Amino acid sequence: MSFNTFGHVFRVTTWGESHGPALGCTVDGCPPNVSLDETAIQYWLDRRKPGQNKYTTQRREADQVRILSGVFEGRTTGTPIQLMIENTDQRSKDYGEIAETFRPGHADITYWQKYGIRDYRGGGRSSARETAARVAAGGVARAALAALAPGVTITGYMTRMGAHGIDGPRDMDEIGRNPFWVPSAAAAETWAAYLDELRKSGNSCGAEIEVSASGVPAGLGAPVYGKLDTDLAAACMSINAVKGVEIGEGMDAARLTGEDNADEIRLGNDGAPVYGSNHAGGILGGISTGQDVVVRFAVKPTSSILKPRASITKSGQPTEVVTKGRHDPCVGIRAVPVGEAMVACVILDHLLLDRAQTGGQRGTIG
Ligand SMILES: Cc1cc2nc3c(=O)[nH]c(=O)nc-3n(C[C@H](O)[C@H](O)[C@H](O)COP(=O)(O)O)c2cc1C
């Protein structure tokens, strides 16, 4: 029984805790001869690492990745790839007080009820430190995608921070220019003021993140239990603090008519189908259409806040929790590279599954 592994062919097992000596992952099933080194993986880890600006936790971790196996002379060998990231800035004393207390909104109470033992330091296994391992695995997936499906690009961005969405058109060039990965300079300004205010008042907010994968070939995914959307939803839902996942129109599809929702199809000049819209989020019947695959997920507000919250101790006494220590005022910001990594892993996994089942064979149109 394994609860720490995901993927069918491209299989990722993560390990480690927030305040242990190190964390990491084992990536099994990566094709051989993919060009890969630590620098390539580090590029993606640097986008997630904490302490980069005042809007993320001030825990200082270099998140330096080491490849321990599976790569020889800059190429994957087809054997398990072991990646390790050392924890260097643990401050376990920040968590001494909560050894006996269950923090509201955290996994403290459920881990205790289930296992009767928990590493309470920094949330232990439930800490978002674990997501560094996902991003490292995503770096491997991206390297493999670059080799096998070079047209695929995967971009994550925030579309909501708490009370604020994006007014006006999206400008994708803005994503890398602000601390929120938001495709709008105007929204970045509004969000900064909003988050400053929340931070000062000791509060936090939730977020909505969208990940768009373009260049995904038609034909990835399978009926019925192997749907591409099923695996994308599971992968994104497994990220800490994620409470909702949508594909394409998602929940809003319930409000549309069939006429509004069904994406019209015509034959393009190059003989490939062209869709008039993308309400389906690039997936029909669990199989990619060739349009952008669009996944959206909602992240709950950071639970560790300075505002007092009622709780109970392990012995059942009522208490009040005020969380000091270092925290993200909006978890969603650092969840963007994590969402991208999960989507990269799932798309590569389905590319490999498709190669195994169909060998790339396709029905023709026209
Ligand atoms: C990138 C990232 C950073 C996070 N940082 C924090 C944090 O600083 N403080 C906090 O209370 N929760 C943080 N979380 C959320 C907790 O890890 C999560 O809420 C907790 O483990 C309980 O799990 P659940 O929300 O999935 O039920 C973060 C999550 C992610 C994905």
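The values are calculated or read from the model by the stated rules, or taken from the named source; none is laboratory data. Note that this is a predicted model, so its numbers are computed, not measured. All Cβ positions, even for glycine, are placed from backbone atoms using ideal geometry, and neighbour counts span all protein chains on display. Note: accessible area is taken over every heavy atom of the protein model, side chains too, but ligands, DNA and RNA are not part of it. Shrake-Rupley method; radii C 1.70, N 1.55, O 1.52, S 1.80 Å.
A viscosity of 1.306 mPa s and a temperature of 10 °C, combined with the Kirkwood radius over C-alpha pairs in the Stokes-Einstein formula, give region 185-237 a diffusion coefficient of 108 µm²/s.
Using R0 = 41 Å, the C-beta based FRET efficiency linking TRP15 and ASN53 works out to 0.90. Here the ratio of the Cα radius of gyration of region 5-358 to 2.2 N^0.38 Å is 1.02.
Note that the chain presents 48 Å² accessible area per residue, ligands and nucleic acids not counted, probe 1.4 Å.
Its alpha carbons considered, region 97-230 gives a radius of gyration followed by a Dmax of 19.5, 53 Å.
Dividing the summed helix terms, -39500 (n - 2.57) for each DSSP H run of n ≥ 4, by the number of residues in the chain produces a 222 nm estimate of -8500 deg cm²/dmol to the nearest 500. For the chain, excluding the exposed loop sites themselves (GluC sites (Glu not before Pro), DSSP loop, at most 10 other Cβ atoms within 10 Å), the longest remaining stretch covers 74-263. GNM remark for the chain: springs join alpha carbons under 10 Å apart, and the peak mean-square fluctuation among GLY116, GLY165, GLY124 falls on GLY116.
For CYS30, the solvent-accessible surface with a 1.4 Å probe is about 10 Å², rounded to the nearest 10. Working note: Karplus 6.51/-1.76/1.60 with θ = phi - 60° gives region 304-320 the couplings 7, 9, 7, 5, x, 10, 6, 8, 10, 8, 4, 8, x, 7, x, 8, 10 Hz, where Gly and Pro are set to x.
Share of carbon and sulfur in the accessible area of region 5-358 stands at 52%, probe radius 1.4 Å. Stretching the chain fully between ARG326 and GLU38 yields a gain of 100.9 nm (0.36 nm per residue, less the alpha carbon separation).
Quick one: ranking LEU198, LEU68 by accessible area, 1.4 Å probe, largest first, what do you get?
LEU68, LEU198
Determine the distance separating the Cα centre of region 212-248 from the Cα centre of region 261-305; give it in Å without decimals. Taking the Cα centre of region 261-305 as reference, the centre of region 212-248 is 10 Å away. Ligands, DNA and RNA aside, PHE10 has an accessible area near 0 Å² when probed at 1.4 Å. For GLU73 and THR364, a Förster radius of 41 Å and the Cβ-Cβ distance give a FRET efficiency of 0.50, rounded to the nearest 0.05.
Could you put THR14, THR5, THR77 in order of accessible surface area, largest first, with the 1.4 Å probe and the full protein assembly present?
THR77, THR5, THR14
For the residue pairs LYS54/LYS314; LYS49/LYS314; LYS49/LYS114; LYS49/LYS300, alpha carbon separations beyond 22 Å are given by LYS54/LYS314; LYS49/LYS314; LYS49/LYS114.
For MET251 and ALA99, calculate 0.36 nm times their separation in residues minus their Cα-Cα distance, and state this gained length in nm to one decimal.
Values: separation 152, 0.36 × 152 = 54.72 nm, distance 3.92 nm.
Separation in residues times 0.36 nm, less the Cα-Cα distance, equals 50.8 nm.
Note on the chain: GNM, Cα springs under 10 Å; of PRO104, PRO179, PRO318, the largest mean-square fluctuation is that of PRO318.
Find the centroid of the Cα atoms in region 178-195 and in region 32-55, then give the distance between the two in whole Å. After rounding, the separation between the Cα centres reads 23 Å. Shown here for region 132-238: chymotrypsin sites (Phe, Trp or Tyr not before Pro) in loop regions (DSSP other than H, G, I, E, B) with at most 14 other Cβ atoms within 10 Å, namely TYR225.
Computed over protein heavy atoms with a 1.4 angstrom probe, the accessible surface ordering of MET237, MET84, MET251, largest first, is MET251, MET237, MET84.
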